[in-house]
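Q: Mind having a look at this structure? Questions to follow.
The values are calculated or read from the model by the stated rules, or taken from the named source; none is laboratory data. No experiment lies behind these values; they were computed from the predicted model shown. As a convention, Cβ positions derive from the backbone with ideal geometry for all residues, glycine included, and neighbour counts pool all protein chains shown.
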Amino acid sequence: MIETENLTRKFGGLTAVENLTLRVEEGEVFGFLGPNAAGKTTTVRMLCCLISKTSGEARIGDYHVDREADCLAIRKMVGFLPENVGLYENLSAYRNLDFYGKLYEVPDEKRRENIERLLKLLGIWDRRNDNVGDFSKGTKQKIAIARALIHEPKVLFLDEPTANLDPEASKTVRDFVLELKKEKHTIFLNTHNLDEAEKLCDRIGILKTRLIAVGAPTELERSLYNRKTIVHLQAVTAQVTEAVKQFNAVKSVREVDNKLVLDMDHPERDNPELVRTIVAAGGDIQYVTELKSTLEDVYLKLIREAKTQ
Ligand SMILES: Nc1ncnc2c1ncn2[C@@H]1O[C@H](COP(=O)(O)OP(=O)(O)OP(=O)(O)O)[C@@H](O)[C@H]1O
Ligand SMILES: [Mg+2]
């Protein structure tokens, strides 16, 4: 649904995005992570036809971002929540949405339906007649999200949708994104919130002018270390340690308090037999877990490495 090839954008002597090659499938929630000034917003603005590219290719569906006629189609097809919401402060929530709906030529009845549905979903229908200027940052953000969806776009670009929101408002927005995911929208999400990326996204790309890594959150988390299984025991005995060392699938064993940390290539395949082996050696297993690095560990490592290149 979204495809780029060597997409590059320069501002004078500064390269903001360099040779970005990326594919986001229809119905996928794709998270775009990266430090400040990494080029996330620049990428999204190119994809929404708001700024031109310097070189490379980018398409939304079959439409090319550098063809004027295609850009009209792209604007109808995509919804965009920008970093700065930019609403009409002296118009009510309802009239803001009505205005943008008209701009997108959404028919009257559909516009009414969509405004009501979106404001209800976001929990702000009661405030529809209040001036936007009187709203808190979080409520404005929700109205801007509703605005991005007023014309029922297939593809949604959200640039830091929960920045500056309190935990409860963030959750409303995240739940809303999950609802949109169920409806098979394609969602491109710029965020600094790693937890949010992990919860919402099918795949994540890490950008620092260039794309450093891309993969499902669990793939990225596992990329840092080999797979490790931790077996918590009532007590680690010599028999248990010996039996585990003899077990072929275990590449190395480390003892930490009453735990064994085991290096293995295929834990899903080999753990059942491992457990039987430990039990047969008289081990009392309390629980078996996987040692995983967090998305934060992976992100920080990749960004630091990218700095020294
Ligand atoms: N219109 C512009 N003119 C000149 N430089 C620009 C312009 N827009 C962006 N840049 C530069 O391009 C780089 C990438 O900016 P961009 O806003 O895409 O980063 P970002 O990843 O969205 O950062 P943040 O996390 O802070 O939102 C920055 O160095 C920025 O200063
Ligand atoms: Mg940005």
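Q: Quick one: count up the residues across segment 19-42 that are among the hydroxyl-bearing types (Ser, Thr, Tyr) and within 15 Å of ligand 1 (Cβ to nearest atom).
A: 2
Q: List pairs: first in segment 13-24 and touching a residue at least 40 places away in the same chain (Cβ under 8 Å) and on the phi < 0 side of the Ramachandran plot, second basic (Lys, Arg) and part of a loop (DSSP other than H, G, I, E, B), Cβ under 9 Å, 6+ apart or cross-chain?
A: Final answer for the pair search is Val17/Lys53.
Q: Would you pick out the residues in segment 12-35 that are of a type outside the set (A, V, I, L, M, F, W, C), within 16 Å of ligand 2 (Cβ to nearest atom) and surrounded by 19 or more Cβ atoms within 10 Å (Cβ to Cβ)?
A: Of everything in segment 12-35, those that are of a type outside the set (A, V, I, L, M, F, W, C), within 16 Å of ligand 2 (Cβ to nearest atom) and surrounded by 19 or more Cβ atoms within 10 Å (Cβ to Cβ) turn out to be Gly31, Gly34.
Q: Since Lys184 meets every condition but one in (1) surrounded by fewer than 18 Cβ atoms within 10 Å (Cβ to Cβ); (2) modelled with pLDDT of 95 or more, which condition does it not meet?
A: Of (1) surrounded by fewer than 18 Cβ atoms within 10 Å (Cβ to Cβ); (2) modelled with pLDDT of 95 or more, only one is false for Lys184: (2).
Q: Which of the helices (runs of 4 or more DSSP H) contained wholly in segment 50-169 include at least 3 residues that are among the charged types (D, E, K, R) and surrounded by 17 or more Cβ atoms within 10 Å (Cβ to Cβ)?
A: 137-149
Q: Look through Leu200, Leu211, Leu224 and report the one residue that is buried (at least 21 other Cβ atoms within 10 Å of the Cβ), away from ligand 1 (no atom under 16 Å from the Cβ) and within 28 Å of Ile303 (Cα to Cα).
A: The conditions single out Leu200.
Q: Which residues, taken from segment 3-18, are farther than 16 Å from Asp66 by Cα and more than 8 Å from ligand 1 (Cβ to nearest atom)?
A: Residues satisfying the conditions are Gly13, Thr15, Glu18.
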